[in-house]
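A.B. asks: Sharing a structure with you now.
No lab work stands behind these numbers, since they all come straight from the coordinates. Because the structure is a prediction, the values reported are computed rather than measured. Neighbour counts are summed over all protein chains in view; Cβ atoms, including those assigned to glycine, are modelled from backbone coordinates with ideal geometry.
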Amino acid sequence: MNSSEPTRRYRSTVRRERARHTRAAVLDAAREEFLTTGYAATSMRAVAARAGVSVPTVEQLFGTKRALLAAVVDATTAGDDEPV
């Protein structure tokens, strides 16, 4: 393939739906962890375990625990985690 040719993007509705489901599972798990153990005692490892995903998955989705908390607050306030 010539490097000047545009690359074709791969789009999969199944992959997109699975990613949305994983993100929702992590947000639910994080909300439960924050509510039961508090922010300071909640670890990314505990959130990942509760969500049934790996720690790198949680970090890939949200980056930091602070960003994860912000996403939980946004999702709780708005009722979902869809961008406005």
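A.B. asks: Could you work out the local net charge near Glu59, counting Lys and Arg as +1, Asp and Glu as -1, over the other residues with Cβ closer than 11 Å to its Cβ?
C.D. replies: Summing Lys and Arg as +1 and Asp and Glu as -1 gives +2.
A.B. asks: Per the Debye formula with a single identical scatterer at each Cα and no solvent contribution, what log10 I(q)/I(0) holds for region 15-78 at q = 0.19, 0.23, 0.28, 0.29 Å⁻¹?
C.D. replies: Debye curve over Cα of region 15-78, log10 I(q)/I(0) at q = 0.19, 0.23, 0.28, 0.29 Å⁻¹: -0.61, -0.91, -1.34, -1.42.
A.B. asks: Among Ala24, Gln60, Pro6, pick out the residue whose Cα is farthest towards the positive end of the charge dipole of region 1-63, where Lys and Arg carry +1 and Asp and Glu carry -1 on C-beta, about the Cα centre.
C.D. replies: Highest projection toward the positive end goes to Pro6.
A.B. asks: Over the chain, what is the relative contact order in percent, taking alpha-carbon pairs closer than 8 angstrom and at least six residues apart? All intermediate terms of the calculation are to be shown ahead of the outcome.
C.D. replies: On the way: 48 pairs, mean separation 21.9, N = 84.
Relative contact order comes out at 26 percent.
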